[in-house]
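Taking it in order: structure first as structure tokens, then the write-up.
The values are calculated or read from the model by the stated rules, or taken from the named source; none is laboratory data. Quick caveat, the model's predicted, so the values are computed rather than measured. Positions of Cβ are backbone-derived with ideal geometry, glycine not excepted, and every protein chain shown enters the neighbour counts. These area figures cover heavy atoms from the full protein model, side chains too; ligands, DNA and RNA do not enter into them. Shrake-Rupley method; radii C 1.70, N 1.55, O 1.52, S 1.80 Å.
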Amino acid sequence: MGKMEKSKGVTIKINGEEKVFADKNKMESQEAASEELEQEQPDESFEWILPEESNENKIVLVPSLPKKKMPKLIGFGTSSLKSLDNRPIKAFMIAVMCAVFFGSILGLIAVKTITKEKAAVSSVGTSIPKGATIEDKKAAANEPGTQLKTFLVQGGVFSSEDAARQIQKKIMDKQVPAEIFKLEDSYYLFLGSAESLAASKELALFLKSYDVDVYWKEINFEAAGTSQEEEKTLDKMKAVYASLAETSATKLRGKEGTVNEETLKKNLDELKGWELSPKFSKMNADLTAAAKSINEYETSLNEEKLFQAQESLLDFLLNYQNI
């Protein structure tokens with residue numbers, strides 16, 4: 001370190017103090033070299049000038065709004081449409097055709113329902129010929145013989161007696177008379193009788209208001225094994241039955257009958273005075289009970305009395321069949 005310091009200048013000791021004198025030539029050479037370096041290196045410094053704030057020619061980025069999607073139209077069996085203006089006519093026609101189709105189906109269902117309600121009561125008996133009057137189809141009460149033609153309201157036909165009795169109980173719970181008749185291999189349920197097939201249809205429609213299934217039918221009953229004297233009694237009973245059936249059925253339907261009351265009373269009195277066999281006495285009791293119920297209705301106007309008369313007439317037919 002001492003050697004290097006000595007080379008930088010001359011040290012002179014005066015009055016005990018050391019003074020260092022630099023080498024002028026060396027210092028001048030260093031200063032000259034320094035100036036040359038300053039001249040060789042360009043001045044790399046520069047002045048920063050900030051631009052003034054101005055709105056002119058200023059670019060502002062504004063976020064674009066999302067594009068609104070057009071509503072999609074859904075067609076039957078077609079793809080969704082991109083625009084209302086460009087929707088295909090085919091999809092529109094398919095939609096219209098489907099609407100017409102389903103509308104027609106609903107219309108047919110409604111028509112069938114209404115028709116079914118109006119025609120819920122269907123006849124399973126002999127149809128009435130066009131132009132035939134009620135008198136043409138009245139029971140042949142005055143015809144001699146053992147056959148009795150009747151026009152009944154049917155409540156059903158069953159393959160077994162147990163099934164018929166189940167329905168009979170339900171009908172009778174509604175205060176409607178019902179009797180079971182075995183015809184051939186089936187069991188029929190009859191609810192009432194009238195003077196003609198047309199009248200039995202009207203009576204069936206009336207009984208339908210009691211929420212029961214009804215039909216109207218012509219039935220011919222045959223009494224077997226009778227003598228000539230018994231046939232005479234049967235003829236009288238058939239005439240009384242026809243008059244009572246017409247009277248009770250017309251009153252239930254709210255109509256006027258054509259029965260001669262005096263003739264009816266006369267026939268009843270004659271039967272009462274005859275000596276009858278047990279089976280005929282039972283039939284005569286049924287007719288007498290029906291006539292009594294009708295007379296009680298005349299004074300009370302209680303509809304139940306007419307139903308009792310109809311029930312007695314059905315009992316008469318049941319006993320007639322078993323002769």
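Of the strands (runs of 3 or more DSSP E) lying entirely inside the range 156-274, the ones with 1 or more residues being open to solvent by 50 Å² or more (accessible area, probe 1.4 Å) are found at 179-183, 215-222. Residues in the range 275-322 that are more than 23 Å from V153 (Cβ to Cβ), open to solvent by 30 Å² or more (accessible area, probe 1.4 Å) and touching a residue at least 40 places away in the same chain (Cβ under 8 Å): L276, S277, K279.
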